[in-house]
Amino acid sequence: MKQAMTAVNPVMAVVLLLTLGSAAGHKLGIGPCPDVPSMKSFDVNQFFGKWFINEVYANINTCMTLTFAAIPNSTTEIKATQGRQLPALDAVNVKHTTTYVGTIITGPQEAPAKMTIKWPLSGAILGRMAYTVIDTDYKNYALTYECRSFLFGRYYSATILTRETLLDPTVMEEVKKKAAEAGLDTSLFKVVSQKTCTAPGEGIDFSQHEDAYNLLGLISDDKLQAIKTDAQLIEILGHKPPAQP
């Protein structure tokens, strides 16, 4: 039986954030969140749709994507769906995807690119994070920054999104330049592999629940070696395959 999440003490919260951060592309840093610049003429409607996560801080996953969509009957909320493949499952050649759904609150009229976002796992500890679109041309790239001050420091990430899996090197150089001008440490960006990605409708599709910490690539070596079939994988992870329509 599922149990509700209980309050997390500060030490355990830091441990969880370190674990979640490496899996989701976030880092822990000393000091509060910086005031990064935001795009002044941001149009959220043009920002909707699927993006590939081309580079992100502290990444260990592959095939990462972000899809933004309007939430019916809401003028202030946006659905953010992150797709990714986990290293532990890639290591045993299991075709899979995981889906991680967050909610964005749109920014005020005077600063539309300064939004907030809440992810299920980190959100249970930190609540909403600042989500800022620093720059985008909507058709090719977007540069975003997430951050939330926490205890003695901050939990943060920067992401370079692209509409296609590859971005022209000249354009990427300009994006990195904009990131540096915004005060971001460009040396922290890690390339996200978009090779050998599971096609839609193939493999196992897991949904990320707030109690599913075992979906973060933290499967022991002995269990990895024991996985021979999809059914064994499902049993080890403690999840059932999605119901067929």
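The values are calculated or read from the model by the stated rules, or taken from the named source; none is laboratory data. These figures come from a predicted structure and were not determined experimentally. Methodologically, a virtual Cβ is constructed for each residue, glycine included, from the backbone with ideal geometry; neighbour enumeration extends over all protein chains shown.
Data table
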| read-out | value |
| --- | --- |
| Filter result (within 24 Å of residue 118 (Cβ to Cβ), of a type in the set (Gly, Ala, Ser) and either touching a Cys at 6+ places or on another chain (Cβ under 8 Å) or assigned to a strand (DSSP E or B) (or both)) within segment 147-194 | 149, 153, 157, 158 |
| Residue match in segment 136-144 (condition: small (Gly, Ala, Ser) and not in a loop (DSSP other than H, G, I, E, B)) | yes |
| Single residue of 215, 233, 143 found to be buried (at least 18 other Cβ atoms within 10 Å of the Cβ) and modelled with pLDDT under 50 | 215 |
| First in segment 169-185 and closer than 12 Å to residue 141 by Cα, second anywhere and among the hydroxyl-bearing types (Ser, Thr, Tyr) and in a helix (DSSP H, G or I), Cβ under 8 Å, 6 or more apart | 176/186 |
| Subset tally (residues that are within 16 Å of residue 167 (Cα to Cα), of a type in the set (A, V, I, L, M) and over 14 Å from the mean Cα position of the chain (by Cα)) for segment 127-146 | 1 |
| Condition check for residue 163: modelled with pLDDT of 95 or more and among the charged types (D, E, K, R) | yes |
| Some residue of segment 102-112 being touching a Ser or Thr at 6+ places or on another chain (Cβ under 6 Å) and at pLDDT below 95 | no |
| Qualifying residue in segment 171-185 (condition: touching a helix residue (DSSP H, G or I) at 6+ places or on another chain (Cβ under 9 Å), modelled with pLDDT under 90 and of a type outside the set (S, T, N, Q)) | no |
| Failed condition for residue 91, given (1) out of contact with any Pro (no Cβ under 9 Å at 6 or more places or on another chain); (2) among the hydrophobic types (A, V, I, L, M, F, W, C); (3) within 26 Å of residue 176 (Cβ to Cβ) | (3) |
| Complete set of residues in segment 28-43 that are of a type in the set (A, V, I, L, M, F, W, C) and over 13 Å from residue 132 (Cβ atoms) | 28, 30 |
| Number of the exception - residue 51 against (1) at pLDDT 95 or above; (2) in contact with a Phe, Trp or Tyr (Cβ under 6 Å, 6 or more places away or on another chain); (3) buried (at least 18 other Cβ atoms within 10 Å of the Cβ) | (2) |
| Any hit, segment 39-48, residues being at pLDDT 95 or above, assigned to a strand (DSSP E or B) and either closer than 12 Å to residue 163 by Cα or among the β-branched types (Val, Ile, Thr) (or both) | no |
